[in-house]
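Heads up, the thing below is written out as structure tokens.
The values are calculated or read from the model by the stated rules, or taken from the named source; none is laboratory data. Because the structure is predicted, anything quoted here is derived from the model rather than measured. Note that we place each Cβ from the backbone using ideal geometry, even for glycine, and neighbour counts take in every protein chain shown.
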């Protein structure tokens, strides 16, 4: 993508990052590569995303989750599975599709993490789950990291069923050994004729175990399961038929959203969404006004929303912007970093605002660009820990849904207070401009250098400046790399890296998904240390 | 005597046309209708209506006895026959008169006199009207070729054949006689010289029985397909005043020769400035509106006046302007003019200034038997409407008519509309070079000929592109959740959305993959984008979406914005634009395998075994006739024929075990008989 000459440097930099994001997504889409994709197609089979395209409603959106899982690891980007939220017969569902072109769809440690995350989203938001199964089970070389935690996947299926969020398995191919429990634990099972293969032990294992001679079809064929074992509820003639049946199953789930009001009457943002690309400085040390983001992401002034953004406590703790807005008609409370640093005032303002949102059952949106809580004698003496703890207490115990968007920096305890990954926001998406770590790379390298220098001085040694420069550069580089979005997304520390211009759409989908379960704000927080 | 209540022994547009004049004159109206026609506008528009049970013309509109009884039952005092059906039946005219009703038509003797073409020719020759000499097929020579074989009792081109080789004469005469016998019940045929590139020109006359014969100008009806008129106009283009006067004079003599009373048409074959009598039609013609427009008359009103015994006066005003009529048919010109049936889901002709009547000034007249929602069957003539333009000059009338037709919204059925537009804009037609062999002389796109005219953009492809986006927008608008998220939004783009369409209306036939129009597109924040923006399939170099709404899409093709109107009903998409009308059928995303059985298949209601097969393959069966017996769970189930037809497939035999849903037999329904009704 070549930028015209009149493009701002900020936009040019963001466009470069977005081009890089497209490339990484393309790697995930490529799955096992052309050779395996062609072989899969030659067998008359569809790729996971091709199956999903047929499964979801025409014209509906599909929000793919964790597409970069496994990025930077030894495994293929995407972790041999596609997960996401799609709309099937008007029902928002968690869709999970194995990618059989990647090592037969076998699960590696990142696959398991990605599946856990998908299950968590389905559970927290009360979504039915549709599994498009074609997996050779565990990737055996990494079984030690999968086998024991992986059991949770099957337990999760039946817990979901018990929680009245139905589970559907459409079996397109292998689903053997432990994998057999995916259909086994699902409420509805569809198997594709002459393709599905569902058994605990295949012919060689059976012969080893009992001496019995058998074949795939008699042990686990679709016809057998549909007519004899009863494990399959529906026999599909082919993949299209399986997807058709899957859609009919969902159509009959009698699904009712907890908050069905779909807000149709809202205005588009007051400012042009394209402006987001001109907003984010390349150097995150330079702050930017999050109100400019809010004006491009939230509903504009219009019917039912006389003012686009009602700012709360605008004159107090001005490094954190708080206030009320709407996204696609859904009310949200917003906490957005304005000046990077969080002081005591900001922390107390945040704690109060989070309580207000809980009082009126309004979801919270955290827009991250923070370098953390202020340090220094004055602030320590002013009780910055106490106040930071109040904010973390509030965000930890809040029971309204939280959504976090990593716009820029998200460093230190600021990441916690702003509802970083460990604070279980319902959704967390990252802009390509974001960085997250315990502190900034330069600071971290500098700290290490100071500590090392102090140690050598204490020993009376001459400090090796050259080695120090090398160490600082190395640490800075490593921390920089490990604080970048692809790396963090690869480790499942977010739900995906998104184009800032898609933020509004992603939030619209997320808030609609959230409406599948009731919102009940808490009035019980931990003891606020005053 | 004054007519108070008039029955029209006809259907469709001509019934509406006659009713229209009746309302003007203050006469009450009576319709007769077949079962298939019960919902057509002409039935509703009549003051009272009488059902003629059944559907075929033989059961209904050709049953003179039933029509006369209907007239009596409905208290009618007059009968107008329209055209076709009983309009040229002298017997029916007598039945009507014998019943004490007024017959709005010529005397039965006149009908008889003109009914036989052989006799009529002799009569005309005697009256000094030029006729083509008859050729005795037995003694024909090379010099007589080509010859035209005609049925004496014929009409509408049936029983008519051109013979170009001497060796074929005998066999063609025999075939024509056979055809004539089956079509008209009279095998009499005759031969006359065939005039190459001849024109069909006819003259409208009205005699009042008081010694006046009005001659209301001529009509050129040369553009015909299979001897069926397609385009009619008045005045005839390119005639010298002398030829025109001679034609009118010949027509007057013809009418006077038989002391003709009522409206009639004397048809001539014209070549250069020579002409010969063909036949006289003793009724109102389909194409009468062009004459009405140019002469400012109401021919039905004149018919009524004559029937009431009034004296006619020549129109006060001189003929004005030029009028062109086209017959809009439910037919497929590219498939041998095959008649089409189905529901007319939309029928709008823009800019109509009058219906069944003359507009106050130059304008567009529409005489239509159908309206949006009408069901078009195969029992009767497939003409949907006549669209007539009246303008100061011929060029303006042609252009106006072509424009109105191209903008008309006609959905649900294949029609000859594109053909009509192409004809009206054809260089030969515009220059006045018309003849009855027009369609043999010119290759037309609407008949499968090569593309010509504006640009190389493929109308089906570009319309499919518009349809795909309109459908997407429709789907998006129908969402129950995430309603305002951009349609088909993806954060990870893996593949385009694919909309699969085939040209034409669904007819149950399988489509070869080559015919599928696959439109691939992406959608998102910035709207819609085609996967192939270089548009090779369109025959363009670029295509992009400018504006997209569920019923209207603007595409920019090679820098030009074009709007497409898109109507969707189920899987059927009608697209109208400057590229013409394109009907598309959406291929379903999924096909339920249970639906993938041949039409007419009888399926096993449950698993069981076949204990008896009561029919053989190829055997005709009647509704309810047992086909086979299936035993399941100790119960015997008889599988019966669902309708009259023929067993075309019988894949099972006694003792076979069958699964539920298995095909046991296929019964092909018997074709419903179909008859035309029109000359």
**Condition check for residue A:124: in a helix (DSSP H, G or I), farther than 16 Å from residue A:490 by Cβ and modelled with pLDDT of 95 or more** = yes
**Prompt:** Within region B:473-483, restricting attention to residues that are surrounded by fewer than 18 Cβ atoms within 10 Å (Cβ to Cβ) and in a loop (DSSP other than H, G, I, E, B), which residue is farthest from the other protein chains (Cβ to nearest Cβ)?
**Reply:** B:478
**Fill in**
Filtering region A:66-76 down to residues that are over 19 Å from residue B:486 (Cβ atoms) and within 11 Å of another protein chain (Cβ to nearest Cβ) yields A:66, A:68
**Asked** Can you tell me which residues in region B:65-77 are outside any helix (DSSP H, G or I) and either farther than 19 Å from residue B:43 by Cβ or in contact with a helix residue (DSSP H, G or I) (Cβ under 6 Å, 6 or more places away or on another chain) (or both)?
**Response** B:77
**Members of region A:94-131 found to be within 18 Å of residue A:428 (Cα to Cα) and within 12 Å of chain B (Cβ to nearest Cβ), listed by number** = A:127
**Prompt:** Under the condition of being touching a residue at least 60 places away in the same chain (Cβ under 8 Å) and surrounded by fewer than 20 Cβ atoms within 10 Å (Cβ to Cβ), which residue from region B:535-544 is nearest to the other protein chains (Cβ to nearest Cβ)?
**Reply:** B:537
**Prompt:** Filter region A:412-444 for residues that are under 20 Å from residue A:364 (Cα atoms) and assigned to a strand (DSSP E or B); which is farthest from the chain's Cα centre (by Cα)?
**Reply:** A:430
**Request:** Could you identify the single residue in B:550, B:607 that is within 14 Å of chain A (Cβ to nearest Cβ), more than 36 Å from the chain's Cα centre (by Cα) and surrounded by 14 or more Cβ atoms within 10 Å (Cβ to Cβ)?
**Result:** B:607
**Prompt:** within 14 Å of another protein chain (Cβ to nearest Cβ) and either in a helix (DSSP H, G or I) or crowded, with 21+ Cβ neighbours inside 10 Å (or both): does that describe residue A:451?
**Reply:** no
**Asked** Listed residues A:278, A:272, A:299; which is surrounded by 23 or more Cβ atoms within 10 Å (Cβ to Cβ) and closer than 18 Å to residue A:501 by Cβ?
**Response** A:299
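Residue-by-condition table, conditions (1) more than 7 Å from chain A (Cβ to nearest Cβ); (2) surrounded by 18 or more Cβ atoms within 10 Å (Cβ to Cβ); (3) modelled with pLDDT of 90 or more:
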| site | (1), (2), (3) |
| --- | --- |
| B:451 | yes, no, no |
| B:465 | yes, yes, yes |
| B:485 | no, yes, yes |
| B:499 | yes, yes, yes |
**Residues being in contact with a helix residue (DSSP H, G or I) (Cβ under 7 Å, 6 or more places away or on another chain) and more than 10 Å from chain B (Cβ to nearest Cβ) - total across region A:508-519** = 2
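Of these, B:291, B:265, which one is buried (at least 22 other Cβ atoms within 10 Å of the Cβ), in contact with a helix residue (DSSP H, G or I) (Cβ under 9 Å, 6 or more places away or on another chain) and within 21 Å of residue B:365 (Cα to Cα)?
Selected residue: B:291, the only one of B:291, B:265 that is buried (at least 22 other Cβ atoms within 10 Å of the Cβ), in contact with a helix residue (DSSP H, G or I) (Cβ under 9 Å, 6 or more places away or on another chain) and within 21 Å of residue B:365 (Cα to Cα).
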**Fill in**
When region A:307-331 is checked residue by residue, the ones that are crowded, with 19+ Cβ neighbours inside 10 Å, in contact with a helix residue (DSSP H, G or I) (Cβ under 7 Å, 6 or more places away or on another chain) and either in contact (Cβ under 8 Å) with a residue 60 or more places away in the chain or in a strand (DSSP E or B) (or both) are A:320, A:321, A:322, A:325, A:327, A:328, A:330
**Item:** Residues that are without any contact (Cβ under 8 Å) to a residue 60 or more places away in the chain and within 14 Å of another protein chain (Cβ to nearest Cβ), drawn from region A:270-290
**Value:** A:272, A:275
**Prompt:** Which one of the conditions (1) free of Cβ contacts under 8 Å to residues at least 40 places away in the same chain; (2) touching a helix residue (DSSP H, G or I) at 6+ places or on another chain (Cβ under 8 Å) does residue B:350 fail to meet, given that it meets all the rest?
**Reply:** (1)
**Item:** Single residue of A:63, A:46, A:54 found to be touching a residue at least 40 places away in the same chain (Cβ under 8 Å), more than 9 Å from chain B (Cβ to nearest Cβ) and either more than 22 Å from the chain's Cα centre (by Cα) or not in a helix (DSSP H, G or I) (or both)
**Value:** A:46
**Positions within region B:553-577 being touching a residue at least 40 places away in the same chain (Cβ under 8 Å), surrounded by fewer than 14 Cβ atoms within 10 Å (Cβ to Cβ) and touching a strand residue (DSSP E or B) at 6+ places or on another chain (Cβ under 7 Å), in sequence order** = none
**Request:** Could you please find all residues in region A:165-191 being in a loop (DSSP other than H, G, I, E, B) and either closer than 13 Å to residue A:230 by Cα or within 25 Å of the chain's Cα centre (by Cα) (or both)?
**Result:** A:165, A:166, A:186, A:187
**Request:** Take region B:218-250 and flag every residue that is closer than 19 Å to residue B:292 by Cβ, touching a residue at least 60 places away in the same chain (Cβ under 8 Å) and buried (at least 21 other Cβ atoms within 10 Å of the Cβ).
**Result:** B:219, B:220, B:221, B:229, B:231, B:232, B:233, B:234
**Complete:** When (1) assigned to a helix (DSSP H, G or I); (2) surrounded by fewer than 20 Cβ atoms within 10 Å (Cβ to Cβ); (3) in contact with a strand residue (DSSP E or B) (Cβ under 8 Å, 6 or more places away or on another chain) are applied to residue A:118, the one that fails is (2)
**Asked** Which residue pairs have Cβ atoms under 7 Å apart, sit 6 or more places apart or on different chains, and have a first residue in region A:489-501 that is facing chain B (nearest Cβ under 10 Å) and at positive phi and a second that is surrounded by 21 or more Cβ atoms within 10 Å (Cβ to Cβ) and not in a loop (DSSP other than H, G, I, E, B)?
**Response** A:496/A:64; A:496/A:65; A:496/A:429; A:496/A:489
**Item:** Residue that is more than 11 Å from chain B (Cβ to nearest Cβ), farther than 14 Å from residue A:367 by Cα and touching a strand residue (DSSP E or B) at 6+ places or on another chain (Cβ under 8 Å), where the choices are A:338, A:301, A:267
**Value:** A:301
**Asked** Do we find that residue A:29 is under 22 Å from residue B:523 (Cα atoms), touching a residue at least 12 places away in the same chain (Cβ under 8 Å) and part of a strand (DSSP E or B) in this structure?
**Response** no
**Request:** Working carefully through the options B:201, B:173, B:169, find the one that is surrounded by 15 or more Cβ atoms within 10 Å (Cβ to Cβ) and more than 30 Å from the chain's Cα centre (by Cα).
**Result:** B:169
